[in-house]
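Here is the structure we will look at, set down as structure tokens.
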């Protein structure tokens, strides 16, 4: 069987795209490895109508809604290779099965590269975050620590006083000139230049000089990259952004390979559930348009 569209990645963006296509009565295959980026978070915020809801519940309810459409095929598994061209793509899954599709959509999300701070990975998504709009309000205007990773951390620190009392933990990752220090001072941001030895408790930074700073929450500007190399291995172009590397797409979400599209965190910035859903919905609509008007 040749599907109209194969969607690799069944999280928010991929499902939003699939929904548009299913409602146009197109045959859609979703291949999902079950690795949502926010799987460690207890609640999703900033998504209209779902604010404060367990992100796993949002994903489960969305899938249940998709499964009402008879033209959906859902595979729980990993896509390990992809190739082909417009109207003739093929995706290989880890069980050795080959799947054919006229269009291909990468909604694979991203990986977060965190600085090598002991204890940070264990707190990621629970007490250490990247998005203040998603997690800042719940910190109740308490003390916030920003663990520097590079120049983008300065921008992150300057935003965060909207949500609490901010300390920028330089951690040998950032050089602050006089202008930057003046900007931080104007926003009431404390600067801590002693490196971090480890994180403990919920959000306590133990410093190398023996002091400990306890925060309501921590923020880190992680560096992102596509969660899987499938699209790059197929030949899709990448582009560099202030947040890291992402798949390059045009305004219709088509990659550098005709007929192959990308949406969600892997193909846009900044990142949030609501933005991923919007991006996916647009990708689904533009893919459907390409099936109706092949020359477009």
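For the pair residue 138 and residue 113, label points projected 7 Å from Cα toward Cβ lie 2.8 nm apart.
If one puts a single equal scatterer on every Cα of segment 1-102 and applies the Debye formula without solvent, what log₁₀ I(q)/I(0) results at q = 0.22 Å⁻¹? Evaluating at q = 0.22 Å⁻¹ gives log10 I(q)/I(0) of -1.14. Here the residues 85, 44, ranked from fewest to most Cβ neighbours within 10 Å of their Cβ, fall in the order 85, 44.
The stretch between residue 67 and residue 87, if pulled fully straight at 0.36 nm per residue, gains 4.7 nm over its current Cα-Cα span. If you fit an axis through the alpha-carbon atoms of helix 55-66 and take the longest principal axis of the Cα set of the chain, what angle between them do you get, 0 to 90°, nearest 10? Once rounded, the angle reads 10 degrees.
How big is D for segment 115-220, in µm² s⁻¹ as a whole number, if Stokes-Einstein is applied with the Kirkwood radius of its Cα pairs at 20 °C and 1.002 mPa s? Could you put the intermediate results ahead of the total?
Numbers: Rh = 13.5 Å.
Diffusion coefficient, whole number: 159 µm²/s.
Ordered by the count of other Cβ atoms within 10 Å of each Cβ, fewest first, 250, 279 give 250, 279. Can you match log10 I(q)/I(0) by the Debye sum over Cα atoms at q = 0.08, 0.11 Å⁻¹ to one of these, (i) -0.54, -0.78; (ii) -0.39, -0.69; (iii) -0.31, -0.61, based on a calculation from the structure here? Correct label, based on the coordinates given: (ii).
Compute the long axis of helix 273-292 from its Cα atoms, compare it with the longest principal axis of the Cα atoms of the chain, and write down the angle in degrees, 0 to 90, nearest 10. Roughly 20 degrees between the two axes. Taking 7 Å steps out from each Cα toward its Cβ at residue 178 and residue 193 produces label points 1.5 nm apart.
Computed log10 I(q)/I(0) for segment 183-254 at 0.18, 0.19, 0.21 Å⁻¹: -0.82, -0.85, -0.93, from the Debye equation with unit scatterers placed on every C-alpha and solvent omitted.
Quick note: the coordinates plus some simple rules give every number you see, no bench work behind them. Keep in mind the model is a prediction, meaning the values are calculated, not measured. Methodologically, a virtual Cβ is constructed for each residue, glycine included, from the backbone with ideal geometry; neighbour enumeration extends over all protein chains shown.
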